[in-house]
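Asks: Before I ask anything, here is the structure I am working with.
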Amino acid sequence: MTDTMSEPQKKSSFFRMWVMRQYWRMQQSQAVVSLLLWGTTITLLVWPMISWRFTSRCESGVCFSDDFAGIPSTYLGLAAIFFSVMFAVLAIGFLYDQVFSLWTEWRNVDMERNPFATYALAPIWVMSVALQAEILKRTSPEDENIVEQADWYLKWCEAYTEGEMFARAVQRWDKDLGETPTFWFTSEDAMQRARDTTITDDA
């Protein structure tokens with residue numbers, strides 16, 4: 001299969017891949033970092049409004065002593081606000097999950113936008129589909145429709161032997177299992193391109 005992607009397209013694809021890789025790396029800590037930021041931000045916003053209740057100047061309503069068991073009440077107040085925010089976030093998450101079940105719709109949208117759940121093939125699926133298509137051809141050689149469709153499946157598989165995902169698979173197979181054979185649905189050139197692809201995880 002020839003590579004028809006133009007040079008500007010290759011550069012654009014490389015740049016987009018690099019940007020999305022950095023974005024993915026940031027996302028790995030996003031949940032924890034955003035939770036801490038929410039907690040500390042709201043705590044520091046609320047504290048000035050109620051801090052007077054933790055001093056000796058408080059003379060009405062709910063008041064607290066300057067310290068409790070030797071610990072300054074300021075620390076206890078800040079901790080109480082922070083964990084209240086965490087509890088509120090947990091409560092919202094519980095409602096999101098158990099009551100409204102919004103994650104089901106989110107998952108549907110996520111799958112609809114995922115090319116490897118709709119039209120694209122990951123290397124494992126490439127191998128599985130190609131193998132089944134080849135078996136189908138050999139068991140029904142007299143059925144022209146079956147053979148034609150099996151050839152289409154193999155063409156589909158061949159299309160996804162290009163690109164970084166298949167290159168990752170080939171390079172890993174070479175490392176773990178020895179040299180990967182040239183599969184019947186691809187070509188020597190495609191396998192060599194997979195081996196020559198530079199994996200830029202450290203970029």
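The values are calculated or read from the model by the stated rules, or taken from the named source; none is laboratory data. In this text the structure is predicted, and so the values were computed from the model without any measurement. Positions of Cβ are backbone-derived with ideal geometry, glycine not excepted, and every protein chain shown enters the neighbour counts.
Asks: Residues in the stretch 163-203 that are assigned to a helix (DSSP H, G or I) and either among the acidic types (Asp, Glu) or surrounded by 12 or more Cβ atoms within 10 Å (Cβ to Cβ) (or both): how many?
Replies: Number satisfying all stated conditions: 21.
Asks: Could you check the stretch 139-162 and list, in sequence order, the residues that are assigned to a helix (DSSP H, G or I) and of a type in the set (D, E, K, R)?
Replies: GLU144, GLU148, ASP151, LYS155, GLU158 - these are the residues of the stretch 139-162 that are assigned to a helix (DSSP H, G or I) and of a type in the set (D, E, K, R).
Asks: So if I check each of PRO48, PRO115, PRO123, which one is in contact with a helix residue (DSSP H, G or I) (Cβ under 6 Å, 6 or more places away or on another chain) and either loosely packed, with under 13 Cβ neighbours inside 10 Å or touching a residue at least 24 places away in the same chain (Cβ under 8 Å) (or both)?
Replies: PRO123
Asks: Could you identify the single residue in LEU44, LEU90 that is at pLDDT 85 or above, over 30 Å from TYR160 (Cβ atoms) and within 28 Å of the chain's Cα centre (by Cα)?
Replies: LEU90
Residue by residue, here is whether (1) among the hydroxyl-bearing types (Ser, Thr, Tyr); (2) on the phi > 0 side of the Ramachandran plot; (3) surrounded by fewer than 10 Cβ atoms within 10 Å (Cβ to Cβ); (4) not assigned by TED's automatic domain parsing to the domain that holds THR40 holds:
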position: ASP66; (1), (2), (3), (4): no, no, no, no
position: GLY70; (1), (2), (3), (4): no, yes, yes, no
position: ALA79; (1), (2), (3), (4): no, no, no, no
position: GLN98; (1), (2), (3), (4): no, no, yes, no
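Asks: Going by the conditions given, is TRP38 closer than 30 Å to GLY163 by Cα and at pLDDT 80 or above?
Replies: Working: closer than 30 Å to GLY163 by Cα: no; at pLDDT 80 or above: yes.
For TRP38, the condition - closer than 30 Å to GLY163 by Cα and at pLDDT 80 or above - is not met.
Asks: Separate question: Hey, could you check the stretch 134-193 for residues that are without any contact (Cβ under 8 Å) to a residue 40 or more places away in the chain and of a type in the set (Lys, Arg) and say which is nearest to PRO123 (Cα to Cα)?
Replies: ARG172
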